[in-house]
Ligand code: GLC
């Protein structure tokens, strides 16, 4: 695949905030101001003191979609990209949120869903009526490939939906099929139509003008499809989606040029950033799409079990793919995946009873000390876990289709309301929460953990405070080292003459590391770690790590 030459545009000294920490907010579940049971923008404003100098020292918030939506994919089915869903607030609330964030030095990242719209979007309503008119080609419409014996139309090719079932939906009104990678209610936009592209860029400029600092691009590598809509090759796999090689429905050769046109618009205003969500693909491709402050998610760490081998392999693979010049992302959870506290504790194997909070704290060190932009998911700072959701309360549509031929993680489990306090509604709402609260909400919450210096929250606060003033952690180079003992990972971060050594233990028993053997001669002092008082090396340079302990040490200068 040919990538456009953008090297001349690369300016390593350009001001940007790729070294910042972003906190993802799922607005429906963060904080409910008006008591209707669903989180909203005023609720976020109410809780901004959770961040900043006296709270979590994050640099940006990413809001999952805030636009009007019928809510079939809970906001990722957008019916108007230019305004705010009344369920979540008003345009004034949004402007106030941006102003309040900026006053506190917090950037605001919006989630842009530009691959598809809701089937209730006015563009689609116009498009499905007729093959004529300005919106006729805004979506991927095609004639049937033929008709079966019963007179039913046959879809144009073999493409399927990632959410299960066929990818093509027949619309008798127009006498054509439209394609949807996701739900039937999320028709795919036609990015080969210049009118659509112009309309999208106008919308993007509108948000930039309103002070938005960046965008997370939903499934960005799916925007373009093969112009001839050829059928995908069929391969072995464990689901209909997995049984196709996605040669023609994602990652088209001209996608890099399209995304550069978008990035150029964002760069018209200095200090903005973007994060592409790589859909259905590997770390190496994330690296190929990344450039400067236009960074790209990769997923290998979201799938790693709590072992040194797995995380070591993920880190090495990512570092190899990105090399020293490209800037990676680091994320362990998001609104589509099992929460890290649940996943990592569950992965430790039968021979061990996992200490959930110890692992959550060590994972915090892991995420905040690697090279790359860290992304935190709301609630991870108190070690929130996945919640069992009964079938009749599931809010994730593909989960209702799950079966032997369609394995699916029910995303309702990781989207439960934020646990703020001990009272009814966990401080999230005075009403009935839209999705059930976690059973541990009364004990695992911000209010309780604020009082406990050994809590997961206290650990995140210490780490974030340290990271904020640490040039090596923010921008430094990273080198993996051999820790010399099993189950422990080691790496250094270097910048401005300062050198940090990070050690993370992945085992439920103590481990002693010989620092001279790992990092050469020199005196090391513990600066911060998973425990309130981190392990210190003894006079002989030996460091005894407690079970699942992670420590950041600094080399004495001179
Ligand atoms: C992305 C989002 C996911 C959504 C899908 C369709 O993968 O993260 O939540 O369902 O796109 O928009």
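What the table below lists for this structure:
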quantity	calculated
Condition met for residue 182 (within 16 Å of the ligand (Cβ to nearest atom), in contact (Cβ under 8 Å) with a residue 12 or more places away in the chain and assigned to a loop (DSSP other than H, G, I, E, B))	yes
Scan of region 294-322 for residues that are surrounded by fewer than 22 Cβ atoms within 10 Å (Cβ to Cβ), more than 16 Å from the ligand (Cβ to nearest atom) and under 24 Å from residue 258 (Cβ atoms), ordered by number	321
Output for region 104-124, where each listed residue is more than 16 Å from the ligand (Cβ to nearest atom), surrounded by 14 or more Cβ atoms within 10 Å (Cβ to Cβ) and not in a loop (DSSP other than H, G, I, E, B)	107, 108, 123
Any chance residue 142 is without any contact (Cβ under 8 Å) to a residue 12 or more places away in the chain and either more than 21 Å from residue 79 (Cβ to Cβ) or more than 16 Å from the ligand (Cβ to nearest atom) (or both)	no
Lone qualifier among 404, 374 - being away from the ligand (no atom under 16 Å from the Cβ) and under 17 Å from the mean Cα position of the chain (by Cα)	374
Filtered residues of region 162-175 (kept if surrounded by fewer than 21 Cβ atoms within 10 Å (Cβ to Cβ) and away from the ligand (no atom under 15 Å from the Cβ))	166, 169, 170, 171, 172, 173, 174, 175
First in region 68-87 and in contact (Cβ under 8 Å) with a residue 60 or more places away in the chain, second anywhere and within 13 Å of the ligand (Cβ to nearest atom) and not in a loop (DSSP other than H, G, I, E, B), Cβ under 7 Å, 6 or more apart	72/397; 73/397; 74/28
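Yes or no, residue by residue, for (1) crowded, with 23+ Cβ neighbours inside 10 Å; (2) within 22 Å of the chain's Cα centre (by Cα); (3) part of a loop (DSSP other than H, G, I, E, B); (4) modelled with pLDDT of 95 or more:
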| position | (1), (2), (3), (4) |
| --- | --- |
| 11 | no, no, yes, no |
| 16 | no, yes, yes, no |
| 32 | yes, no, yes, yes |
| 37 | no, no, yes, yes |
| 45 | no, yes, no, yes |
| 66 | yes, yes, yes, yes |
| 71 | no, yes, yes, yes |
| 76 | yes, yes, yes, yes |
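The values are calculated or read from the model by the stated rules, or taken from the named source; none is laboratory data. Quick caveat: nothing in here was measured; it's all calculated off a predicted structure. No Cβ is skipped: glycine too gets one built from the backbone with ideal geometry, and neighbour counts run over all protein chains shown.
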